[in-house]
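Colleague: Starting off with a structure, shown below.
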Amino acid sequence: MTGDLIDGDLHARHADIAPLQRLRAKDGVFAIPGNHEYYFGHDLWMRQYASLGMTTLSNEHVLLSRSGATLALAGVNDLTAPRFGLPGPDFVKALKGVRLAASYIERSRLN
C-alpha cells in the first residue's frame, strides 16, 4: 500500500485502521509512507503498521520471487519527509543491491 493510509493521528484513527490487521497476501503486506503519515506522526504510524503485520519500506526494498522470476518492491519516502526531520526520497538507497535486467539497462541507455 502506498502511503496516505490515514488522515489523522494514531489516537484518533486507531480503530479505523484495525481491520488492516486481517490483510493477507502470498508475498506479504507492505506499506510505504505518504505525506499524511509525516503530518500525523510518522514514527508512531510506522510502528502501528508493523504491529498490524505490515512490512514498512522507507527508502528500501524487498525481493519477491515466484516461478523463477524476481521482483524488487521498493518503497521511497515522500518528498515532505525532510520537513519533519526525516530522510527524503532516495531512489539510489531504495534500490541498492538490486540487479537490473540487461534489457532495462539497454533501454535506459537509449533514452
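The values are calculated or read from the model by the stated rules, or taken from the named source; none is laboratory data. Every value quoted in this text rests on a predicted model; they were computed, and no experiment measured them. Using ideal geometry, Cβ is built from the backbone for each residue, glycine included, and neighbour counts are taken over all protein chains shown. Side chains included, ligands, DNA and RNA excluded: accessible areas come from the protein's heavy atoms. Shrake-Rupley method; radii C 1.70, N 1.55, O 1.52, S 1.80 Å.
Colleague: Restricting to DSSP loop positions (anything but H, G, I, E, B) with no more than 16 other Cβ atoms inside 10 Å of their own Cβ, which trypsin sites (Lys or Arg not before Pro) remain in the range 1-64?
Modeller: ARG24, LYS26
Colleague: Please build a GNM for the chain, connecting alpha carbons under 10 Å apart, and tell me which residue among THR80, THR56, THR70 fluctuates the most.
Modeller: Checking each option, the largest mean-square fluctuation is seen for THR70.
Colleague: If you don't mind, there's one more thing I want to ask. Mind giving me the nanometre distance, one decimal, between the label points for ARG66 and ALA12, set 7 Å out from Cα along Cα→Cβ?
Modeller: 3.7 nm
Colleague: Enter the accessible area per residue of the range 44-87 (Å², integer; probe 1.4 Å; all protein chains in place).
Modeller: Ligands and nucleic acids excluded, the figure is 57 Å² per residue.
Colleague: Out of residues 5 or more away from GLU60 or on other chains, whose amide H comes under 5 Å of its own, with H placed 1.01 Å from N in the peptide plane?
Modeller: When sequence neighbours closer than 5 places are left aside, the close amide H contacts are GLY75.
Colleague: Continuing with this model, one more query. Can you pull the percent of the chain's accessible area that's carbon plus sulfur, 1.4 Å probe, other chains left in place?
Modeller: Numbers: 4090 of 7390 Å².
Carbon plus sulfur share of accessible area: 55 percent.
Colleague: Rank LEU79, LEU52, LEU100 by mean-square fluctuation in a GNM of the chain with C-alpha springs under 10 angstrom and give only the top-ranked residue.
Modeller: Largest GNM mean-square fluctuation: LEU100.
Colleague: State the three equivalent ellipsoid semi-axes of the range 19-67, derived from the C-alpha gyration tensor as the square roots of 5 times its eigenvalues, in descending order and whole Å.
Modeller: Largest first, the range 19-67 gives 21, 14, 7 Å.
Colleague: Under the rule of -39500 (n - 2.57) per DSSP H run of 4 or more residues, summed and divided by the residues of the chain, what mean residue ellipticity at 222 nm is obtained, to the nearest 500 deg cm²/dmol?
Modeller: -8000 deg cm²/dmol
Colleague: Starting from the alpha-carbon convex hull of the range 44-87, give the projected area averaged over all orientations, in nm². Don't jump to the answer; show the numbers that get you there.
Modeller: Details: hull surface 15.2 nm².
About 3.8 nm², averaged over all directions.
Colleague: Step through the residues of the range 69-78 one at a time and calculate ³J(HN,Hα) from phi using the Karplus curve (6.51 cos²θ - 1.76 cosθ + 1.60, θ = phi - 60°), rounding each to whole Hz and writing x for Gly and Pro.
Modeller: Each residue of the range 69-78 in turn: 10, 10, 10, 8, 9, 10, x, 10, 4, 6 Hz.
Colleague: Let me know the Rg and Dmax you get for the chain when you use only its Cα atoms, in Å.
Modeller: Final numbers for Rg and Dmax: 15.9, 51 Å.
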